[in-house]
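In what follows, a single structure is set out as structure tokens and then discussed.
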Amino acid sequence: MVISEAKPAIPVAGGYLTRKKLLKNLETIGNGAMINALLDSMRASSPTRGGPYDAQDHNSWIVRHPSALTEFEEITSASKGKQIVVFLDYDGTLSPIVNDPDRAFITNEMREAVKNVAENFPTAIVSGRCRTKVYNFVRLSELYYAGSHGMDIKGPSKGHRQTKGNQTVMCQPAREFLPMIDEVYKSLVEKVRYIPGSNVEHNKFCLSVHYRCVEEKRWCELADQVKRVVKNYPMLRLSQGRKVFEIRPTIKWDKGNALEFLLESLGYAESDDVFPVYIGDDRTDEDAFKVLRVREQGVGILVSKAPKETNATYSLQEPSEVMHFLKRLVEWNKTKPLIN
Ligand SMILES: [Mg+2]
């Protein structure tokens with residue numbers, strides 16, 4: 001028997017796909033990305049803990065994106081005379097990345113740190129998740145919450161004499177997409193449920209398909225199923241986060257827009273007197289880092305242990321360092337009048 005070429009068969013619903021056939025499907029369905037490129041991208045979207053990378057690369061990356069703790073004084077002195085506004089991503093920034101997204105809890109110590117920050121500066125949580133889900137994790141009514149990648153924004157209920165759960169909706173630019181998102185959610189659940197470990201999360205204005213718990217040999221197949229569903233909805237776009245596919249409306253609205261909207265709401269639309277500090281770990285946070293670069297205001301801080309291409313200026317390695325940074329910020333603010 002002659003084996004001409006290694007063509008591993010990939011199991012799919014109702015049969016098997018050869019690598020070649022799957023590649024053809026992906027090209028037809030998606031943006032023409034090659035399987036290997038797709039897999040590389042899926043792997044790169046979340047470097048494994050302690051994964052191999054060149055120590056020299058890491059050192060040069062740290063020089064370009066120094067630790068926000070090491071450069072704390074540089075950051076605070078740049079903020080002199082300006083109002084600091086704090087923006088925090090949730091997953092991987094305040095909470096550790098965990099296998100079950102429903103169990104991405106923050107510690108009481110972190111909650112306390114965020115509460116203290118909010119007592120000192122206007123503070124917003126900006127997440128890809130459903131806003132109410134993030135609120136249920138954080139449970140601090142003094143914060144601004146921007147869920148669904150900023151497509152669902154509400155202001156703090158505390159201090160506004162409003163009863164809990166009766167916050168004023170400030171911004172929902174993708175409201176008309178709700179029925180479509182519901183429909184795609186049902187479709188995705190149906191299409192990927194036979195792939196063990198896959199998890200479709202409904203984030204109200206957007207969807208997430210998590211593959212953190214899916215065997216790597218089935219990633220292509222999962223991507224194929226997701227693309228097959230999304231291709232029927234040209235008004236939706238597909239992107240990738242940390243071991244997650246994100247599906248959201250094509251409207252030009254991302255975490256960067258949410259940041260600008262919140263600054264505007266706080267009265268800093270055209271102001272030079274504001275110093276936004278945005279801390280996040282994901283690709284979707286890059287939109288906010290970019291906005292800060294363009295505005296030449298404040299600082300972007302990427303949470304990452306591994307070198308990553310980023311528009312952030314500084315870095316922190318993990319949520320425990322974020323907490324340390326937040327505590328220092330509060331301490332600094334309390335002692336600031338004595339220094340000045
Ligand atoms: Mg994150």
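Here is a yes/no grid of residues against (1) among the acidic types (D, E); (2) within 27 Å of N257 (Cα to Cα); (3) part of a loop (DSSP other than H, G, I, E, B):
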residue: Q297; (1), (2), (3): no, yes, yes
residue: I301; (1), (2), (3): no, yes, no
residue: E309; (1), (2), (3): yes, yes, yes
residue: S320; (1), (2), (3): no, no, no
residue: F325; (1), (2), (3): no, yes, no
residue: R328; (1), (2), (3): no, no, no
residue: W332; (1), (2), (3): no, no, no
residue: K336; (1), (2), (3): no, no, no
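Yes or no: L88 more than 16 Å from the ligand (Cβ to nearest atom), of a type in the set (A, V, I, L, M) and in contact with a strand residue (DSSP E or B) (Cβ under 8 Å, 6 or more places away or on another chain)?
Details: more than 16 Å from the ligand (Cβ to nearest atom): no; of a type in the set (A, V, I, L, M): yes; in contact with a strand residue (DSSP E or B) (Cβ under 8 Å, 6 or more places away or on another chain): yes.
Judged against the criteria, L88 is not a match.
When residues in segment 269-286 are screened for being without any contact (Cβ under 8 Å) to a residue 60 or more places away in the chain and either buried (at least 20 other Cβ atoms within 10 Å of the Cβ) or within 16 Å of the ligand (Cβ to nearest atom) (or both), 1 of them pass. Selection within segment 287-306: residues that are within 15 Å of the ligand (Cβ to nearest atom) and of a type in the set (V, I, T). The member of this set that is nearest to V200 (Cα to Cα) is V303. Being acidic (D, E) and not assigned by TED's automatic domain parsing to the domain that holds P276 is a property that E109 lacks.
If we scan segment 298-308, do we find a residue that is small (G, A, S), crowded, with 18+ Cβ neighbours inside 10 Å and in contact with a Gly (Cβ under 7 Å, 6 or more places away or on another chain)? No; the residues of segment 298-308 include none that is small (G, A, S), crowded, with 18+ Cβ neighbours inside 10 Å and in contact with a Gly (Cβ under 7 Å, 6 or more places away or on another chain).
Can you tell me how many residues within segment 75-93 are of a type in the set (K, R) and surrounded by 14 or more Cβ atoms within 10 Å (Cβ to Cβ)? Break it down stepwise before answering.
Taking segment 75-93 first, the residues of a type in the set (K, R) are 80, 82.
Now restrict to residues that are surrounded by 14 or more Cβ atoms within 10 Å (Cβ to Cβ): 82.
Residues meeting the conditions: 1.
Here I247 meets each of (1) outside the structural domain of K115 (by TED's automatic domain parsing); (2) surrounded by fewer than 22 Cβ atoms within 10 Å (Cβ to Cβ) with one exception, condition (2). E309: more than 15 Å from the ligand (Cβ to nearest atom), at pLDDT below 95 and under 30 Å from Q56 (Cα atoms), yes or no? Here the answer is yes, as E309 does meet what is asked.
The condition of being small (G, A, S), more than 27 Å from F87 (Cβ to Cβ) and modelled with pLDDT of 95 or more holds for only one of S208, S198, that being S198. If you check V214, V291 for being crowded, with 22+ Cβ neighbours inside 10 Å and not basic (K, R), only one passes: V291. Being of a type outside the set (G, A, S), within 16 Å of the ligand (Cβ to nearest atom), surrounded by 14 or more Cβ atoms within 10 Å (Cβ to Cβ) and modelled with pLDDT of 60 or more is a property that P96 has. Of note, V63 does not satisfy the criterion of being at negative phi and within 16 Å of the ligand (Cβ to nearest atom).
Could we say that K290 is part of a loop (DSSP other than H, G, I, E, B) and in the same structural domain as F121 (by TED's automatic domain parsing) here? Taking the combined requirement at face value, the residue does not satisfy it. Based on what the data block shows, is S265 of a type in the set (S, T, N, Q) and closer than 16 Å to G150 by Cβ? Yes: the conditions hold for S265.
Could you identify the single residue in L262, L266, L238 that is closer than 22 Å to E309 by Cα, more than 16 Å from the ligand (Cβ to nearest atom) and aliphatic (A, V, I, L, M)?
L238
The values are calculated or read from the model by the stated rules, or taken from the named source; none is laboratory data. The model shown is predicted, which means the values in this text are computed figures rather than measured ones. Counting neighbours? That spans all protein chains shown, and the Cβs are built from the backbone with ideal geometry, glycine included.
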